[in-house]
Amino acid sequence: MSTRRRALADRRVLIVGYGGVGTAVRRRLSGFEVELVPVATRARDEAGLRVRGVDELPALLPTADVVVLCLPLTETTRGMVDAAFLAQMRDGALLVNVARGAIVDTQALLAELRTGRITAALDVTDPEPLPADHPLWDAPGLLLTPHVGGNSTAFPPRAQRLVVEQLRRFAVDEPLLGVVAGP
């Protein structure tokens, strides 16, 4: 008899960083029968959805099966996923970083992966590019992919629609989409 693999269905997924990317992740995961918990800088209600505040992470992390990082790299988020953050994650949890590599403390992640307590999937790393002799290449429980998810046949028509929409908004003095405010 073969071993059953853990399914995504019936899992609790934290989406840490609930802007454009986090919202897109929520839309894509919504059909997988998961409990989605969006987390943003501040708690709020958004179209009937309760978005939790980042200050709630210490209580939320031990309850999550999957933690997806979608937040921008700022002075506040740099190194945010450190040893203390990882220690709060439930045993067997999966950390997914589709944000920026420097949000995760690489040495702390390596230490946790080596214990086998959690697993991770990264398409961004710190450092980036990852040197050929870096220990992440051989880390147990790690899926490492190149940060090229947008380079597909789906990209050109979406990019074209976005450019057209941004130009329309600019021409009529409407706010542009996806603006990221700097520090």
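The values are calculated or read from the model by the stated rules, or taken from the named source; none is laboratory data. Computed from a predicted model, the values in this text were never measured in an experiment. With ideal geometry, Cβ positions are generated from the backbone for all residues, glycine too; neighbour counts draw on all protein chains shown. When the accessible area is computed, the model is the full protein with side chains, heavy atoms only, and any ligands, DNA or RNA have been set aside. Shrake-Rupley method; radii C 1.70, N 1.55, O 1.52, S 1.80 Å.
Tabulated values for the structure
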read-out	value
Hits in segment 76-92 (condition: of a type in the set (A, V, I, L, M) and surrounded by 18 or more Cβ atoms within 10 Å (Cβ to Cβ))	80, 81, 86, 89
Matching residues, segment 140-157, being open to solvent by 50 Å² or more (accessible area, probe 1.4 Å) and farther than 24 Å from residue 77 by Cα	140, 151, 152, 153, 155, 156, 157
Members of segment 96-139 found to be in contact with a helix residue (DSSP H, G or I) (Cβ under 7 Å, 6 or more places away or on another chain), open to solvent by 60 Å² or more (accessible area, probe 1.4 Å) and either of a type in the set (Lys, Arg) or more than 15 Å from residue 82 (Cα to Cα) (or both), listed by number	128
Any chance residue 26 is surrounded by 18 or more Cβ atoms within 10 Å (Cβ to Cβ), farther than 17 Å from residue 180 by Cα and of a type outside the set (A, V, I, L, M, F, W, C)	yes
Residue selected from segment 32-50 under the condition acidic (Asp, Glu) and within 27 Å of residue 7 (Cβ to Cβ), by the criterion surrounded by the most Cβ atoms within 10 Å (Cβ to Cβ)	35
Meets criteria (among the basic types (Lys, Arg) and either within 30 Å of residue 63 (Cβ to Cβ) or touching an Asp or Glu at 6+ places or on another chain (Cβ under 7 Å) (or both)) for residue 114	yes
Condition met for residue 84 (among the aliphatic types (A, V, I, L, M) and touching an Asp or Glu at 6+ places or on another chain (Cβ under 8 Å))	no
Segments classed as helices (runs of 4 or more DSSP H), wholly inside segment 70-183, with at least 3 members that are more than 25 Å from residue 41 (Cα to Cα) and not hydroxyl-bearing (Ser, Thr, Tyr)	106-115, 155-171
Test: residue 73 is open to solvent by 40 Å² or more (accessible area, probe 1.4 Å), free of Cβ contacts under 8 Å to residues at least 60 places away in the same chain and not β-branched (Val, Ile, Thr)	yes
Any strands (runs of 3 or more DSSP E) falling wholly within segment 11-54 and containing at least 1 residues that are of a type in the set (Gly, Ala, Ser)	35-40, 49-53
Residues (farther than 24 Å from residue 84 by Cα and small (Gly, Ala, Ser)) located in segment 14-62	19, 20, 24, 30, 31, 47, 48
